[in-house]
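Any read-out appearing in this document is the output of simple, stated calculations on the displayed coordinates, not a laboratory observation. In this text, all values refer to a predicted model and were calculated from it rather than measured experimentally. A quick note on method: Cβ atoms are made from the backbone with ideal geometry, for glycine too, and the neighbour counts reach across all protein chains shown.
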There are 2 protein chains.
Amino acid sequence: MSTAAPHTAGSRALEHPAREEIRLEAVLHALSDPMRLAVVREIAASRAAELSCSQIDLPVTKSTSTHHFRVLRESGVIEQVYRGTAKMNGLRRADLDALFPGLLDTVLDAAARQVQRLGG
Amino acid sequence: MSTAAPHTAGSRALEHPAREEIRLEAVLHALSDPMRLAVVREIAASRAAELSCSQIDLPVTKSTSTHHFRVLRESGVIEQVYRGTAKMNGLRRADLDALFPGLLDTVLDAAARQVQRLGG
């Protein structure tokens with residue numbers, strides 16, 4: 001990190017790829033896992049721009065959950081920021097739409113159709 | 001396979017998921033690899049509906065190439081059929097478009113944009 005952020009638990013910054021570093025293959029890989037796809041759907045469906053990790057309850061261990069959020073962040077799909085003690089997660093919609101027009105919405109629509117088709 | 005195909009080298013049938021067995025996560029995973037994405041782009045860009053494996057020249061070993069084609073087939077992205085001694089590969093566009101409208105074209109467009117952007 002080039003910015004000097006105070007290294008306290010409440011405000012440490014997490015590494016994210018810049019828009020131009022985001023790769024289609026990494027985005028598709030991030031979205032190819034059922035848990036990660038569920039996370040993205042939940043953030044997209046929320047009225048809030050961001051959800052905390054604890055608001056997105058995954059049926060997996062804490063370390064597995066942390067892994068999934070990290071893959072989403074490192075691929076450029078989500079942005080994670082600490083707000084106080086909460087780690088908040090938001091979609092990088094502007095970046096994704098600029099690089100890959102329609103991709104995020106098409107995948108979200110496909111996921112919704114599949115849930116409807118398979119009933120779960 | 002429920003159909004009794006003759007088990008000769010020239011006409012043996014390969015296993016494919018039925019349309020209703022195709023899963024979004026598996027399709028995204030299949031498309032998340034640079035080599036496999038290149039294969040899909042090449043078939044999509046071809047004037048022929050099918051290309052043989054030897055027409056799609058990947059800079060990898062034969063066994064790695066076979067692996068990539070198998071992942072594409074088992075996820076439901078491509079259909080592979082033997083015609084004589086050639087294994088022919090075609091996109092399952094009708095199945096993908098029916099299940100996930102716009103997904104294949106959006107990914108192909110995103111891949112083309114990325115190649116243009118990164119010059120590769």
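With only alpha-carbon atoms in the gyration tensor, what are the semi-axes of the equivalent ellipsoid for the protein assembly as shown, in Å, largest first? Intermediate values should be presented prior to the final figure.
Working: eigenvalues 280, 79, 48 Å².
Output for the protein assembly as shown: semi-axes of 37, 20, 15 Å.
Compute the Rg to Rh ratio over chain B from the alpha carbon atoms, using the Kirkwood formula for Rh, and round to two decimal places.
We get a ratio of 0.97 for chain B.
Going Cα to Cα from residue A:62, which lysines come in below 27 Å? Please leave out same-chain ones fewer than 8 positions away.
Answer for residue A:62, where 27 Å is the Cα cut-off: A:87, listed by chain and number.
Taking neighbour counts of Cβ atoms within 10 Å as a proxy for exposure, in what order, fewest first, do A:106, B:85, A:66 appear?
B:85, A:66, A:106
HN-Hα J couplings of segment B:38-51 from phi, Karplus 6.51/-1.76/1.60, θ = phi - 60°, integer Hz, Gly and Pro as x?
5, 4, 5, 4, 5, 5, 5, 7, 6, 6, 7, 6, 9, 10
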